[in-house]
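Asks: Could you have a look at this structure, given as structure tokens, before my questions?
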Amino acid sequence: MFYQLPPAGNPVCLAPAVTGTVPADVFTTWSSRLLASGTAALAAAVIAAIRLKGVDDPEVILPAYGCPDLVSAVLYAGARPVLVDREPDRPWMDLEQVSTRINPETVAIIAVSFLGIPERMDSLAALASASSVVLIEDSAQAFPQDPDADFWNADLVVLSFGRGKPVSLLGGGAVLYRDSRLGSLLPDFGAQGQHPGLILRLQVTLYNLLLSPRLYWLPQSLPFLHLGETYFHPLDQLGPMDAGRIALLPSNIEAYRRRPDTAREAMAELVATAAVSGSDVIDLPVACGMPRSRRLLRYPVLFDRLARDSVYRELRCKGLGAAIMYPVILPEVAGLEAVFSAAKEFPVARSFAARLLTLPLYERLSAADFTGISECIRADR
Ligand SMILES: Cc1ncc(COP(=O)(O)O)c(C=O)c1O
């Protein structure tokens, strides 16, 4: 019980930036607006899409399995969320369904890079541009390691700097754009907040401390922190990112880029061995043809339902950092039933939710952690 790995465990960096980069140039060729959260950034992106098309009853297409914050952002922006099912055994939207759900009221498609695995942006871009729909890339869970890489491929890109994200500041988000016309349609969100730097530093220090496997049981046992829970909370306002976080952003991007990706190699090997020993194991990054040059936030694996639940229980019992992400599809998340009362079934997304398990991927995993994970995911074979 007292040894508990967090599912995502990289610390927040409190040191100033080495290269002196400023937020204006950390996103290379993209212009940016920094907001108080990823949800607020997504809402701002949807508002720009609504303003661009100017329809009466705007609709936004998004995956039926995913983070409820997507729905919060779309509702805040004043649009109707329209769900589509998944491709079988992939963290991708069913392209056929995307195409049939597009209508004259559709203003945007939200494509999510799930745990770092990119959506099929070329196909989605073709569908979007054929119908004057804005393609929004939700990159809350994906961030480029190489600043020069051609990483994002959408009209608007949304980032989150929340807890457990690739670059974390325990809060904050950004919208990136290249087209200045779209940028000019982003809403105003008031003057920059003045988060007292000292309070943020204390929060970060405590957070970094509690990420230790010997201490993580503490926050995990506090129900009001809702760690790992999936719940819907409406967005109530758009606010700017505070000055304390803006100051820490460049150094945290640097720290992310410098961080070695060795855990990924080790975990990939371990999952590959489990996949060989059991035909019901799907190594999602491999199945999606994800290049090794892209980083994963956590290592996603699909099992069959019964095996997923028992492997998860065993890994949790041994404190080995496994998580099941969103346990249900969006229409079943508490608080969203009424929003999606007319929504159809989403059998593929439902199956994905019941079979997904994520394994931890960060520097401080020990050899014993890898051995323990390997034993658990092979135990049921
Ligand atoms: C895919 C995705 N989009 C958007 C968000 C919202 O980001 P934030 O928590 O910064 O509001 C999250 C948060 O977990 C997310 O996972």
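Asks: Leu227 accessible area, nearest 10 Å², 1.4 Å probe?
Replies: For Leu227, the solvent-accessible surface is approximately 40 Å².
Asks: OK, next. Taking all protein chains together and a probe of 1.4 Å, list Tyr177, Tyr299 from the most accessible to the least accessible.
Replies: The ordering from most to least exposed comes out as Tyr177, Tyr299.
Asks: Further, regarding this structure: What's the Cα-based Rg to Rh of the stretch 262-379, Rh via Kirkwood?
Replies: 1.01
Asks: Counting only complete DSSP H runs, which helices of the chain cover 15 Å or more along their long axis at the Cα atoms and score a mean Kyte-Doolittle of -0.5 or above?
Replies: Flagged H segments are 38-53, 197-210, 243-258, 262-277, 367-379.
Asks: Tell me the per residue accessible area of the chain using a 1.4 Å probe; a whole number in Å² is fine.
Replies: On a per-residue basis, 42 Å².
Asks: Next up: When DSSP beta bridges are limited to those with both residues in the chain, what percentage is antiparallel, rounded to the nearest 5?
Replies: Antiparallel: roughly 55 percent of the beta bridges in the chain.
Asks: Here's a follow-up. Just from the alpha-carbon atoms, what are the Rg and Dmax of the chain in angstroms?
Replies: So, for the chain, Rg and Dmax equal 20.1, 58 Å respectively.
Asks: Moving on. Between the alpha-carbon centers of the stretch 140-213 and the stretch 236-250, tell me the distance in whole angstrom.
Replies: The stretch 140-213 and the stretch 236-250 have Cα centres spaced 8 Å from each other.
Asks: Which value in nm describes the separation of the simple spin-label points at Ser310 and Gln203, placed 7 Å from the Cα toward the beta carbon?
Replies: 4.3 nm
Asks: For the stretch 262-379, with all protein chains present and a 1.4 Å probe, just round the carbon and sulfur fraction of the accessible area to a whole percent.
Replies: 57 percent
Asks: Convex hull volume of the Cα atoms in the stretch 1-131, per residue, in Å³?
Replies: 169 Å³
Asks: Under 10 Å, Cα contacts only: if you run a Gaussian network model on the chain, which one of Ala108, Ala40, Ala266 comes out with the highest mean-square fluctuation?
Replies: It is Ala266.
Asks: Using label points projected 7 Å from each Cα along Cα→Cβ, tell me how many nm separate Arg163 and Asp56, to one decimal.
Replies: It is 4.4 nm.
Asks: Another question about this same structure. Tell me, what is the percent relative contact order of the stretch 262-379, built from C-alpha pairs under 8 Å that lie six or more residues apart?
Replies: 37 percent
Asks: Between Leu95 and Ala342, what's the calculated FRET efficiency when r is the beta-carbon distance and R0 is 22 Å? Round to 0.05.
Replies: With R0 = 22 Å, the Cβ-Cβ based efficiency is 0.45.
Asks: In addition: Tell me, what ³J(HN,Hα) does each residue in the stretch 110-115 have, in order and in whole Hz, if you take phi through Karplus 6.51 cos²θ - 1.76 cosθ + 1.60 with θ = phi - 60° and put x for Gly and Pro?
Replies: Working through the residues one at a time gives 9, 9, 9, 7, 6, 6 Hz.
The values are calculated or read from the model by the stated rules, or taken from the named source; none is laboratory data. In this text, all values refer to a predicted model and were calculated from it rather than measured experimentally. As a convention, Cβ positions derive from the backbone with ideal geometry for all residues, glycine included, and neighbour counts pool all protein chains shown. With ligands, DNA and RNA removed, areas are computed over all heavy atoms of the protein, side chains included. Shrake-Rupley method; radii C 1.70, N 1.55, O 1.52, S 1.80 Å.
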